[in-house]
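Colleague: Quick one: the structure is below, and I'll ask about it shortly.
The values are calculated or read from the model by the stated rules, or taken from the named source; none is laboratory data. Quantities reported herein were computed from a predicted structural model and do not represent experimental measurements. Note that each Cβ is placed from the backbone with ideal geometry, even for glycine, and that neighbours are counted across all protein chains shown. Remember, those area values only see protein heavy atoms, side chains included, never the ligands or the DNA or RNA. Shrake-Rupley method; radii C 1.70, N 1.55, O 1.52, S 1.80 Å.
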Amino acid sequence: MASTDSSTFARTVQAILDSPIGPFAQEVLVLAVFGVSFVLWRQLGQSSHGGRQSYKGKTDSNQESFRIDAAAQGLRRRGVIETVKGDSRQAKNVALEKVMMQHLEQREFTRALNHFRTLERDGRDTSFSEECYSAFIQSAIRVGKIDVVERMLRNMKRNGMSPSRKFWQTTLKMLSSRKHFSACLSVHSIFGSMIPPDKVALSCLINAALDVGQPERAAGMLEQYGRVDIEPKDHVLFFRTYQVLNDADAAEGVFRKLGQDASNLMLNLLLLTCANTQQPERALKILGDAHGFEEQRAAEKIVDVVSYNTVIKGFAQAVDAPQCFNCLHEMRDRGIEPDAITFGTLLDLCIADNHMEVADEIINLLLGSNRPLDTVMCTLFIKGLVKASCLERALDLCEEMKRRKGANPDIITYSVLIKALVDQHDLERAFGLFEDMQVAGLTPDDIIYTHLLEGCRHASQHARGKQLFEDMLASQVRPSEFTLVTMLKLHGRCGFHTEAFDMVAGWEKKHGMKPSVIHFTCLMSGCLRTKSYEQAWQAYELMRACGVRPDSMALSTLLPGMVAAQQWEHVVELAEVATSNTWCMVPAETLNNSLSQMQGSGGRTRLVERLRSLMDAAKVPVTCRPSFGGRRGDYFTRPAQHVPMEAPVVESF
């Protein structure tokens, strides 16, 4: 039967091949055989490849385990680790644990971690000891691998381990000392109540919660912290927490419970809590009670100058000047000398309330005290007096500083006073202080030179300012960008535009700083002040040649000047720059005034149409209407609509 079917199939195939479609059928048959062969080959190949990959993964894991086992055997042969009796799985794990411990001792953290991960994949990490985990965690903290720390802790929790008190003390202390406060809180989140009530562990957790801005979480741990065996000095954590929470009642309760055992830091934190909650009277009463505690103890003082400063600050915030001065007199009666913060707080209060007679009293108290004057403190007072428009009193204090030892005015002191004198246009006294500081051996900086140059500009003393600038360069003082602005204003005010132009042109080569658009705008403004329109345009061309793009202020300054000079070609060029963006860089009124005056000049049809098209393209509303008169096509405006334009003068930036 089978032979008959085969012969029939063969005859059929032969008949097809002998027919007219034989060649085509032969090609189809060949392609079919090739396709079936290719599909079978792919399936066999993928099956073989998958088997090899699975086998390879297993062998890699086994090879890594073999390498670890071989390392353990090598260490045992060399006597590095002891031989473990028996061939059980637990015995092998002990040996492997010692291998990893050996790597950690040799600072080979990455190698030890790779071994651990291999054993973890094999499920062989469940029998590791607390010592092994502790070594890994400490090494991870040292190298900053906090993710490894959390991973090890989670493994310990998953394996049902209960770490010892020493483990928690060491781990949390290391994390806190390296400011890994978030990691400390992660430990607390993982283990929670399993962490033993230990003073060291809880103090680390409370400090971490405060440092990451979670005072409520810190307060939740205070009850447990209070039940452990803590000393009086350890109660400072209560005051830190209550200060952040602004809980004055709880802080005062702990303070009175401690009594004479309270420390200076605890008192100051409590006073700060009262001041922050606007309770200065309560703080003053607590301060008096603290003096009573001092009388009961012969040890260190509880109250210091910081304590009084905190209470004074509270009364100053409440704008209670009499109580501030009562605190001042009380602290001096108790032999506590006020410092710079004390005087500064009182002076700010007097200036705010405009009690200058009280400010004089404070300064007299400062000068009459037995403590030596401090330069920083005196300079602070001078700044306050200048701010309160008491320049003469500030100068008197400066003279007193010169007479006292240890409180000589410094460069900041002179800078504050020189600027104040320049602002009052008292240039001679400003130069007098300038000479005094040089006699005292102080070298003026670019800020002081700039203040004096500004004074020369106000007084229109061009020669003096120019000489001062040359002296500045001779003293090897590098001018700043503000110095350049001031010199340009000086040149422009006095009409020396060529010198200003040359200064800007050579500034980068001489001083290594490229002038900005502010400097070029200042140069153009000085030229426009004296109606030197051609020089103003030269300054603009110099700006473009230097690759500086004009901004809104520069265009708004120069455009009215070119209109006033009737330089219509320049006006259109500036308008093209102003409207080159998607928004107009100059006010619409400026462009409309330019268009109005251009129309009024007559015979500028092409330029008028160009300016109008630029305004239309920038969507600037055209408010001036063209009128036709005389020749057809000429634009002009009624005389009542003709508004002359003056170029604005840029004084400062």
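Colleague: Within region 433-448, which residues are under 22 Å from residue 423 (Cβ atoms) and open to solvent by 20 Å² or more (accessible area, probe 1.4 Å)?
Modeller: Across region 433-448, the qualifying residues are 435, 436, 438, 442, 445, 446, 447.
Colleague: Which ones in region 538-561 are in a helix (DSSP H, G or I) and open to solvent by less than 10 Å² (accessible area, probe 1.4 Å)?
Modeller: 539, 540, 543, 554, 555, 557, 558, 559, 560, 561 - these are the residues of region 538-561 that are in a helix (DSSP H, G or I) and open to solvent by less than 10 Å² (accessible area, probe 1.4 Å).
Colleague: Return the only residue of 535, 599, 566 being surrounded by fewer than 23 Cβ atoms within 10 Å (Cβ to Cβ), assigned to a helix (DSSP H, G or I) and touching a residue at least 24 places away in the same chain (Cβ under 8 Å).
Modeller: Within the list 535, 599, 566, the selection yields 535.
Colleague: Which of the residues that make up region 209-227 are among the hydrophobic types (A, V, I, L, M, F, W, C) and open to solvent by 30 Å² or more (accessible area, probe 1.4 Å)?
Modeller: Scanning region 209-227 gives 212, 219.
Colleague: Continuing with this model, one more query. Quick check on region 569-585: of everything there that is under 18 Å from residue 544 (Cα atoms) and hydrophobic (A, V, I, L, M, F, W, C), which residue is surrounded by the fewest Cβ atoms within 10 Å (Cβ to Cβ)?
Modeller: 577
Colleague: Sticking with this one: May I ask you to list pairs of residues, at least six apart or on different chains, whose Cβ atoms are under 8 Å apart, with the first in region 288-314 being more than 13 Å from residue 266 (Cα to Cα) and touching a residue at least 40 places away in the same chain (Cβ under 8 Å) and the second being basic (Lys, Arg) and surrounded by fewer than 18 Cβ atoms within 10 Å (Cβ to Cβ)?
Modeller: So the pair list comes out as 291/334.
Colleague: Right, another one. For region 76-96, check the following and say yes or no: at least one residue is assigned to a helix (DSSP H, G or I), modelled with pLDDT of 65 or more, surrounded by 11 or more Cβ atoms within 10 Å (Cβ to Cβ) and touching a His at 6+ places or on another chain (Cβ under 9 Å).
Modeller: Looking for residues that are assigned to a helix (DSSP H, G or I), modelled with pLDDT of 65 or more, surrounded by 11 or more Cβ atoms within 10 Å (Cβ to Cβ) and touching a His at 6+ places or on another chain (Cβ under 9 Å), one finds at least one in region 76-96, hence yes.
Colleague: Could you please let me know if residue 307 is polar (S, T, N, Q) and closer than 25 Å to residue 221 by Cβ?
Modeller: For residue 307, the condition - polar (S, T, N, Q) and closer than 25 Å to residue 221 by Cβ - is not met.
Colleague: Tell me the residue from 385, 395, 421 that is at pLDDT 95 or above and open to solvent by less than 80 Å² (accessible area, probe 1.4 Å), please.
Modeller: 421
Colleague: Shifting gears a bit: When you look at residue 128, is it modelled with pLDDT under 90 and not in a helix (DSSP H, G or I), yes or no?
Modeller: yes
Colleague: Return only the number of the condition from (1) of a type in the set (Lys, Arg); (2) assigned to a loop (DSSP other than H, G, I, E, B); (3) touching a Cys at 6+ places or on another chain (Cβ under 8 Å) that residue 173 does not satisfy.
Modeller: Looking at each condition in turn, residue 173 falls short on (2).
Colleague: Something else: Can residue 544 be described as farther than 30 Å from residue 468 by Cβ, of a type in the set (Lys, Arg) and under 37 Å from the mean Cα position of the chain (by Cα)?
Modeller: Yes, satisfied.
Colleague: Just to be sure before I move on: is residue 249 open to solvent by 70 Å² or more (accessible area, probe 1.4 Å) and under 37 Å from the mean Cα position of the chain (by Cα) in the structure I sent?
Modeller: Criteria met by residue 249.
Colleague: Here is a further query. Only one residue in 299, 359 is more than 22 Å from residue 400 (Cβ to Cβ), modelled with pLDDT under 85 and small (Gly, Ala, Ser). Which one?
Modeller: None of the other options fit; the residue is 299.
Colleague: Out of 578, 554, 539, 500, report the one residue that is farther than 25 Å from residue 465 by Cβ and either among the hydrophobic types (A, V, I, L, M, F, W, C) or in contact with a Gly (Cβ under 9 Å, 6 or more places away or on another chain) (or both).
Modeller: 578
Colleague: Looking at 302, 230, 206, 312 in this structure, which one is part of a loop (DSSP other than H, G, I, E, B), surrounded by 22 or more Cβ atoms within 10 Å (Cβ to Cβ) and on the phi < 0 side of the Ramachandran plot?
Modeller: Testing whether each residue is part of a loop (DSSP other than H, G, I, E, B), surrounded by 22 or more Cβ atoms within 10 Å (Cβ to Cβ) and on the phi < 0 side of the Ramachandran plot leaves just 302.
Colleague: Going by what's in this entry, would residue 325 be described as among the aromatic types (Phe, Trp, Tyr), open to solvent by less than 40 Å² (accessible area, probe 1.4 Å), out of contact with any Asp or Glu (no Cβ under 9 Å at 6 or more places or on another chain) and free of Cβ contacts under 8 Å to residues at least 60 places away in the same chain?
Modeller: It is false that residue 325 is among the aromatic types (Phe, Trp, Tyr), open to solvent by less than 40 Å² (accessible area, probe 1.4 Å), out of contact with any Asp or Glu (no Cβ under 9 Å at 6 or more places or on another chain) and free of Cβ contacts under 8 Å to residues at least 60 places away in the same chain.
Colleague: Do the conditions hold for residue 451, that is, is it open to solvent by 20 Å² or more (accessible area, probe 1.4 Å) and under 25 Å from residue 402 (Cβ atoms)?
Modeller: Taking the combined requirement at face value, the residue satisfies it.
Colleague: While we're here: Take the residues in region 141-174 that are basic (Lys, Arg) and over 30 Å from the mean Cα position of the chain (by Cα), then tell me which one is surrounded by the fewest Cβ atoms within 10 Å (Cβ to Cβ).
Modeller: Looking at residues that are basic (Lys, Arg) and over 30 Å from the mean Cα position of the chain (by Cα), I get 158.
Colleague: Turning to a different aspect of this structure: Being open to solvent by less than 60 Å² (accessible area, probe 1.4 Å) and β-branched (Val, Ile, Thr) is the filter here, so list the residues in region 461-506 that pass it.
Modeller: Within region 461-506, 477, 483, 485, 486, 504 qualify.
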